[in-house]
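Worksheet: one structure, shown below.
Bear in mind that the values in this text are calculations on the coordinates, not laboratory data. Source: prediction; values computed, not measured. Neighbour counts are summed over all protein chains in view; Cβ atoms, including those assigned to glycine, are modelled from backbone coordinates with ideal geometry.
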Amino acid sequence: MNGGRAIQLALAAPLLAAIVAAFIFVSPARLYPWILSLHIVAVISWMAGLLYLPRLFVYHCDAETGSRQSETFKLMERRLLRQIMTPAMIVAWAAGLWMIWAGGLLQAHWLHAKLVLVLLLSGVHGMSARYVRDFAADRNRRSPVFYRAFNEVPTLLMVVIVILAVVKPF
Ligand code: HEM
């Protein structure tokens, strides 16, 4: 094991133990605002990636295949997806599902609508991952105009999801 990995493990192990202990010893009602905070932090990180990645695709389209610029875009896209977006999506889902259970929210109509839109957002995540793979293999055939339009989808979904979660109109 290298030094970096050992430090990561030394930091992650007590953190994980503290999280497990909190779930065992702290009541769901007291834990709720903490999990909600975690949910919001994860959602912000996930959305940042979902909104920025299509912008990278737009610039990547203009970079010549095999050029240094193109290889740099590949690295940025892969790291953004793997190190930020996918972990953030998993944490947002886990915290959200826990709150549905702890808050007994399964009957709420606003939540049903929100879940449909969040599933669509997860689909946008899956499509973004496919586009990252296409660029990595130098087989992108889509235009910058396509990626500009694609960029609007997570924006629209985000606006409606936040209104549903905060206003709870029905
Ligand atoms: C990934 C799947 C998701 C699930 C299962 C989920 C579920 C939930 C649940 C159960 C709550 C607590 C509601 C309450 O206590 O009244 C919540 C809060 C919230 N969610 Fe999500 N959510 C998800 C994704 C998202 C996304 C993608 C966004 C934004 C784009 C978002 C924005 C919010 C906001 C702003 C709140 C705070 C609402 C408030 O306390 O006023 N959620 N979510």
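From the list ALA12, ALA42, ALA48, which one is more than 12 Å from the ligand (Cβ to nearest atom), part of a helix (DSSP H, G or I) and surrounded by 10 or more Cβ atoms within 10 Å (Cβ to Cβ)? Just a single option satisfies the conditions, and that option is ALA12.
Can you find a residue in region 24-33 that is crowded, with 16+ Cβ neighbours inside 10 Å and more than 9 Å from the ligand (Cβ to nearest atom)? Yes - at least one qualifying residue is present in region 24-33.
Return yes or no: is ARG55 surrounded by fewer than 13 Cβ atoms within 10 Å (Cβ to Cβ), within 25 Å of ALA92 (Cα to Cα) and touching a helix residue (DSSP H, G or I) at 6+ places or on another chain (Cβ under 8 Å)? It is true that ARG55 is surrounded by fewer than 13 Cβ atoms within 10 Å (Cβ to Cβ), within 25 Å of ALA92 (Cα to Cα) and touching a helix residue (DSSP H, G or I) at 6+ places or on another chain (Cβ under 8 Å). Among the residues in region 148-161, are any away from the ligand (no atom under 15 Å from the Cβ), of a type in the set (A, V, I, L, M) and farther than 20 Å from GLN69 by Cβ? The answer is yes, given that some residue of region 148-161 is away from the ligand (no atom under 15 Å from the Cβ), of a type in the set (A, V, I, L, M) and farther than 20 Å from GLN69 by Cβ. Taking the listed residues LEU80, LEU156, LEU106, LEU75, the one that is touching a helix residue (DSSP H, G or I) at 6+ places or on another chain (Cβ under 8 Å) and surrounded by fewer than 12 Cβ atoms within 10 Å (Cβ to Cβ) is LEU106, with no other qualifying. Can you pull out the residues in region 22-81 that are among the aromatic types (Phe, Trp, Tyr) and over 28 Å from VAL162 (Cβ atoms)? Across region 22-81, the qualifying residues are PHE25, PHE73. Under 22 Å from SER37 (Cα atoms) and within 16 Å of the chain's Cα centre (by Cα): does that describe SER128? No, not satisfied.
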